[in-house]
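Have a look at the structure below, then the notes.
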DNA sequence: CAGTACGTTCGGCGGCCACCGAACAGTTCC
DNA sequence: GGAACTGTTCGGTGGCCGCCGAACGTACTG
């Protein structure tokens, strides 16, 4: 048993600082960043970044690996990643200003990786398409159907048959504000999409862009019309 | 589009204070508390509590309703409730000391309400039983099966047929550290359990205790052995 | 109309903490 | 071995914030 109050406050306190929050959001790309990279990204001195990272590691949110003179950190596990994404989805939207930032945000909204799976309009479109084609059941919960499992094997995606971890779970999207596909199956699908060149990473961020090949394949396999993916955000 | 960094930090900042965290945890019972009640519970002056509550309302976590000279507050919606429960489940366990607190924690661990559904060992036992009996599918996700839907109608529970809200979803339990049944269907089930006297609230907290009637009914309907519910925590 | 109770506002206090620069330690490269 | 680079530690500083008590406004009570 735990006395949750103080513990909850401590956990929240780790994310309650803008710099640490920015670090965690950057680490959602599942890569391992060096301390210096995070420092320049957040615009703070290296000494400050070092202290923040230590707190996050101490708190169990980050994993560190020393290698030579570098200190590589990444999110501790996918539970942490999903926690951060979930919290991000709960923030109230505040409009962004500036053309440059607008461009970057628009790209992220179109498609991105969320730790190990696809998110943004791309992720939501895939999830919707799977639902309408009966691969995913969302009326009574959130689970692959039997035909959904077959669909994965047709793509030659081998799904981990672990009984403890559900194949899919919902992940709340902070741009679309809707659930999209997460979990081991979604991670495998994301790998396939990137490996087969259906989408490519753009910029140094987590943003991805669907390729012409991807547009065709997504229409073949899921009936997704290219217009759904290219249109701009409704607002 | 939103610039999530500062927003995320602001949201986390609301929960980063021990007093505010304690308030939110108390409000997980879905009741509306007065400002004074929260003040005495948290052991702070009424003026301090007033300021905290204002911040939580301002941040969208709480809903307030003025009535006479009282200020009633409750969690804004079930999204907020599930966010707080999710975050609580991510804290690292720290042993609790003191007999009195131990007793209270043990009761909470046995069974409690989590906003609108059942949690603790009771909630997990129900979820497990439904899984083994084929009412709930958890290998490919987390969803009621067709027989599961029938099971609810046999209990004369009318499930909301809304297409947008899944009937069930997983909720991570901070005592059992496992998923249990949440969502509209779980809320209806919780209502039934309390209304038919299968369980009763004990103390002023969220803890519930299964009645002898409840033990029998749970064995009849779900095959749950009474021993599962009465045994003490493994540690 | 007092008397009591609930909540809010305000000033002030104390502590915590994010930040920086400087000094230092360890690694890599020449 | 010396130069360049990465990261850490340590004072010091400024600001933010949780807390309280006092005073006030407001609502219920007798």
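Nothing in this text is a laboratory measurement; each read-out follows from the coordinates by a stated rule. These figures come from a predicted structure and were not determined experimentally. Heads up, the Cβs are rebuilt from the backbone with ideal geometry, glycines too, and the neighbour counts pull from every protein chain shown.
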Can you give the average number of partner chain beta-carbon atoms within 10 Å of each beta-carbon in peptide B:82-91, as a whole number? 6
Final fewest-first order of B:82, A:47, B:105 on the 10 Å Cβ neighbour count is A:47, B:105, B:82
Which three extents, in whole angstrom, do the alpha-carbon atoms of region B:85-229 cover along their principal axes, largest first? 47, 33, 25
Checking A:30, A:164, A:55 against a Gaussian network model of chain A (alpha-carbon springs below 10 Å), the top fluctuating residue turns out to be A:164
If each of residue A:50 and residue B:164 carries a label point 7 Å out from its Cα toward its Cβ, how far apart are those two points in nm? 5.1 nm
Taking a ≥ b ≥ c as the square roots of the eigenvalues of the Cα gyration tensor, with a/c under 1.5 meaning rounded and otherwise prolate when a/b exceeds b/c and oblate if not, the protein assembly as shown is oblate
Taking only DSSP H segments of four or more residues, each worth -39500 (n - 2.57), what value at 222 nm results for the protein assembly as shown once the sum is divided by all its residues, to the nearest 500 deg cm²/dmol? -14500 deg cm²/dmol
Under the definition of partner shielding as Cβ atoms of other protein chains within 10 Å of a residue Cβ, what is the mean value for peptide B:129-142? 5
For region B:5-76, what does the relative contact order come out to in percent, with C-alpha contacts under 8 Å and a separation of six or more? 32 percent
Against the longest alpha carbon principal axis of chain B, how many degrees, from 0 to 90 and to the nearest 10, is the axis of helix B:212-222 turned? 60 degrees
With a ≥ b ≥ c from the Cα gyration tensor eigenvalues, square-rooted, and the rule rounded for a/c under 1.5, otherwise prolate when a/b > b/c and oblate otherwise, region A:1-147 is prolate
Quick one: grab Rg to one decimal and Dmax as a whole number for region A:175-216, Cα atoms only, in Å. 11.3, 28
Would you mind listing the distances between the residue B:40 label point and the same position in each other copy? Use 7 Å along Cα-to-C-beta, nm, one decimal, shortest first. 5.9
Based on the mean of other Cβ atoms within 10 Å per residue, sort peptides A:176-182, B:56-62, A:223-229, B:123-129 so the most packed one is first. B:123-129, A:176-182, B:56-62, A:223-229
Tell me the relative contact order for region A:85-229 as a rounded percent, counting alpha carbon contacts under 8 Å between residues six or more apart. 28 percent
Rounded to 10°, Cα long-axis angle of helix A:184-195 versus longest principal axis of chain A: 80 degrees
Rounded to the nearest angstrom and ordered from largest down, what semi-axes does the equivalent ellipsoid of region A:5-76 get from its C-alpha gyration tensor (root of 5λ)? 19, 13, 11
Averaged over the residues of B:18-27, the number of partner chain Cβ atoms within 10 Å of each residue's own Cβ comes to 4
Would region A:124-199 count as rounded, prolate or oblate if I go by the C-alpha gyration tensor, calling it rounded below 1.5 in a/c and otherwise prolate when a/b exceeds b/c, oblate otherwise? rounded
